[in-house]
Structure formats: C-alpha cells, structure tokens
Amino acid sequence: MFVNDLFNPSHKLKVDEYQEEYKQNSPFPHLAIDEFFIEEKLDEVISALEDEEFFLKEADLFQFIQTSDLSESSNPIFREFVSFLLSEEFQSFIEAITSCKLSRKKVDVTGNIYSDTDYLICHDDKLPERKIAFIFYLTDLKEKIGGSLNLFESEHSYPTIVTKKIIPRYNRLMFFEVTPTSFHEVEEVVGEYFRVSLTGWLYESDE
Amino acid sequence: MNLMNDVYTIVDNFPVLTEQFKSDNVFQSVVLFEFLKPEMYQELRKEILDGSFVKVINPIMYSYSSQDKISERLTNLFESKELLLFLEGVTEIEGLKLNKLTVSKYEWKDYTVMHDDANLEEGLDVFIDFTEGWDDVTAGGQITYYLGSDQYYTLPIAPNSVGIVHTLSGYQRFVKYVNNKSKTFRLFLHARYRI
C-alpha cells in the first residue's frame, strides 16, 4: 500500500527544486515539504497511532510522551509505513535532495505527543550513523501555542540563537542532516493543544 | 550571628538531623524547613533581590540569571563558625571549606541540563531557597541529582528551606526546565563546600 501509493507523486517531479532549497536553507540545510502524503493514507497512520501505548519520557533535556519504536510494531499499518521509510522510492528521494547515502536496512521511528508544558531542549541529535532526522507532523499548531522546531545558528560549534522556526502543520515532512552543528529544540507547548508527530532517523549507508 | 532558627543551633538536636541526613544509604541529604530566622530570611532575600542579575545562556547547557557580585556579608555568613558548626555537626563531615557561593534566578524557559563535562566531585551542596509563591509543583524548576542507573533525587521547593547534599564523584545535577505554569521565579543561594 504505502510503498507505491502513500507518497504524493507531485513531489518526485520537484527533486531539483527541493535540492536547491535544502542547500540554501539556513541556519543549516533542511527542508519542509507540505502535503507530503496522500491524506487518506496518512489518516490511516493516525488512526493506528491512536491504538498505540504512549510512555512518559522525562529527563533534564525533555518531557513528552512517546510510543515504542514503531519499526518493531506488529501493527500492519506501521509495518507498511516502515517499509515505505526503507523503500528505494523514499530513500532515493531523500538522498537526491540531501546528497547523503542512506541505509536501506535501518530506521528509527516513534510517535510523539507534546502537550501543555512539554518541551525538548537544544541538542544536536548526533549519535554514530544517524544521518537524517525526520519529522512527519500530524497536527496543526499556531505559532503562539509553541511546539515549533527551532533551529539554532552556531559559532565555533556551539549554538547561539534561534534563526528559524518550523511550525507544525498537518502532513508536513521536515528533515535535515544530523551534524555536530544541527542544533535544534522543540519549543514548549502552551495550553491545551497537542503536537503529534512521527519522528525518527534514517541511517548512514554502510556500503 | 543569629542566622538560623534556634532549633538548628542546639547541638543536642544534631543527632536527629544526622539520622535524617544518613537515612538513605545511597544518597546522603536532608531538607530542613524554616531554616533561617524569619527576619534574617527577609533581610537576605531583600539584599539578594536588590543586587543585579546577569542572564547567562548556553542553549545546550543552561539558561538562567546569576547575581554578578556576591556581597562580602553573604560570603562571611557561609564561612561563619555558626553555620560550619551546624553543617559539620549534622553531616559529621569535618573540615568543610567554602569553595563557591552563587545566587541564581530561574524564570519561565530557564533550565540547566546535565553534562558529561560537569560531573560533580565529592563535596557538600547547601541550597537555601528564597522562592516564594511557587504553588504549582508541575511548574518545574526543581534541583535534581542524578546518581546514574536511573536514580534521581529532587529537592522540594519551599521558601526558607535548606537542602544539604553530600555529593560523590560522578553525580550530576540539573534544574528542571521552568514551564508556563510558573507564576513567579525560582531564587536560591548555593554554597558549595570542599571536603
């Protein structure tokens, strides 16, 4: 289902445009693509997510609720979704835009919900072999509610100030290469709103 | 000097406090309430708030305000015989030497995270809390210790309380992110003693 039908076909025709935009975006290369999936397919994923158990993740750096790794889920919807993330179609699309070589074997993906007071403090995501961080937004939020993905300018490998805010929009895909200076945070959600997303990492090819 | 409430100056009371301090085999700590004499608490709080604060931000490590200059009077208080006698009596740790004295203010969106480069050494932490009106415990701002292996210890937030913690090498400490439920600011004085 997903591998062939999920991905809105118009995006494949815009790879060159996306590649240019990705490179030009600051403070570090990234891209947000709206209306990425065919909506009814994405809604199936959202329905499946409603059946998943979420666990509180709380430490010095973050507070939100999260599912287990969906790449290990037995739910057929997520199995197909993960197949899509590992598919030649999706991976070569991301590779073409980012110029990164990706593994077709490994992906991490979890469902995440940020509600009132939840946050994720500035960090770089850097762990061995993580290559591309991605977020599929499943809800809309207005800027004043918080929940935006804030990207930091850096100087001498340290983050300085936020120079770009990515606002959550239903059916928006956002991704960037994980580097020692890809500093970002999720701004605290303020009020009775929910920032729902599927988030994870694509890995570096070992070939 | 009449710094502390009378109950904390009576040497005969120390064994009970020592018992509390050592009640946890892993984490030696005690939190005492109504620690300073009320007039001393008010006087020190005013003195601290009358001083100037500087915002310090390193997004991957911290965001808070720190008093740029600690008065000689405050330093003297934390090096006073009265306080050292109390601390050494309660902790049964001898030879405490004041290493650092800081005053910090945390408002909405402030925090300190743990960092591998900031592991604690053995020593004694003394936190005197000057926070008022922190009615919502979900607002964050708690001073929290991480001992490894998923073991966390959190100091409660209460005005005129003192938290005394014996830190061991490798402990980490952070201040939980202050969120939008905070109606005011966290204010505390931190004295770090070398053992």
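Values quoted throughout were computed directly from the atomic coordinates according to the rules given, and no laboratory measurement underlies them. On a predicted model such as this, the values are computed, not experimentally measured, just so you know. Backbone-built Cβ (ideal geometry, glycine too); neighbour counts: all protein chains shown.
Numerical summary
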read-out: Sum of -39500 (n - 2.57) over DSSP H runs of 4+, divided by residues of chain B (222 nm, nearest 500); value: -6000 deg cm²/dmol
read-out: Karplus 3J(HN,Hα) series, Hz, for region A:188-205 with 6.51 cos²θ - 1.76 cosθ + 1.60 (x for Gly, Pro); value: 3, 7, 10, x, 7, 10, 10, 9, 10, 8, 10, 10, x, 9, 9, 10, 5, 5
read-out: Most positive-pole-ward Cα, B:Met40, B:Leu147, A:Ser148, against dipole of the protein assembly as shown from beta carbon charges; value: B:Met40
read-out: Charge dipole (the protein assembly as shown, unit charges on Cβ, about Cα centre) - positive-most of A:Phe36, A:Gln19, A:Trp201; value: A:Gln19
read-out: Low-density loop cleavage sites - GluC sites (Glu not before Pro) in region A:75-138, where at most 15 other Cβ are within 10 Å (DSSP); value: A:Glu129
read-out: Helical contribution to [θ] at 222 nm, DSSP H n ≥ 4, -39,500 (n - 2.57), averaged over chain A, rounded to 500; value: -6500 deg cm²/dmol
read-out: Amide H within-cut-off set for A:Val189, under 5 Å, with H built and near neighbours excluded; value: A:Thr117, A:Asp118, A:Gly147
read-out: Cβ neighbours within 10 Å from other chains - mean over B:109-116; value: 3
read-out: For region B:135-195: rounded, prolate or oblate by the Cα gyration tensor [a/c cutoff 1.5]; value: oblate
read-out: Neighbour-limited loop hits for trypsin sites (Lys or Arg not before Pro), region B:63-134 (at most 10 other Cβ within 10 Å; DSSP other than H, G, I, E, B); value: B:Lys69
read-out: Net charge, A:Val186 excluded, C-beta distance under 13 Å - Lys, Arg +1, Asp, Glu -1; value: -1
read-out: In Hz, Karplus ³J(HN,Hα) per residue of region A:142-152 (6.51, -1.76, 1.60; θ = phi - 60°; x = Gly, Pro); value: 7, 4, 5, 7, x, x, 6, 8, 9, 9, 9
read-out: FRET efficiency, 1/(1 + (r/R0)^6) with R0 25 Å, evaluated for B:Thr154 and B:Ile195 via beta carbons; value: 0.60
read-out: 23 Å Cα-Cα threshold exceeded, pairs from A:Lys165/B:Lys183; A:Lys131/A:Lys165; A:Lys12/A:Lys131; A:Lys105/A:Lys131; value: A:Lys165/B:Lys183
read-out: Prolate/oblate/rounded call for region A:67-120, Cα gyration tensor, a/c under 1.5 rounded; value: oblate
read-out: Test item: A:115-121 mean partner chain Cβ contacts at 10 Å; value: 5
read-out: Formal net charge of residues neighbouring B:Leu101 (Cβ-Cβ distance under 14 Å; K, R +1; D, E -1); value: +1
read-out: Ellipsoid semi-axes in whole angstrom, largest first, where each is sqrt(5λ) of the Cα gyration tensor of region A:2-204; value: 23, 22, 16
read-out: Chain A, relative contact order in percent, only Cα pairs under 8 angstrom and at least six apart counted; value: 27 percent
read-out: Restricting region B:120-195 to trypsin sites (Lys or Arg not before Pro) in coil, as DSSP defines it, with at most 14 other Cβ within 10 Å; value: B:Lys183
read-out: In sequence order, calculated HN-Hα J values of region A:127-135 (Karplus, 6.51, -1.76, 1.60; Hz; x Gly/Pro); value: 9, x, 6, 5, 10, 10, 8, 9, 9
read-out: Global geometry of the protein assembly as shown, whether rounded, prolate or oblate, following the gyration tensor of its Cα atoms and the 1.5 cut on a/c; value: prolate
read-out: Filter on A:Lys57/B:Lys105; A:Lys23/A:Lys164; A:Lys57/B:Lys100 - keep pairs with C-alpha separation over 24 Å; value: A:Lys57/B:Lys105; A:Lys57/B:Lys100
read-out: Of A:Thr139, A:Ile97, A:Ser87, farthest towards positive along the dipole that unit charges on Lys, Arg, Asp, Glu beta carbons give region A:38-162; value: A:Ile97
read-out: Interchain or long-range residues, amide H under 5 Å from A:Leu102's placed H; value: A:Ser205
read-out: A:Asn8 long-range amide H proximity, modeled H, under 5 Å; value: A:Phe37, A:Ile38
read-out: Projected label distance in nm at B:Asp117 and B:Val16, using a 7 Å step from Cα toward the beta-carbon; value: 4.7 nm
read-out: Gyration tensor (Cα) of chain B, equivalent ellipsoid semi-axes in angstrom; value: 24, 21, 16
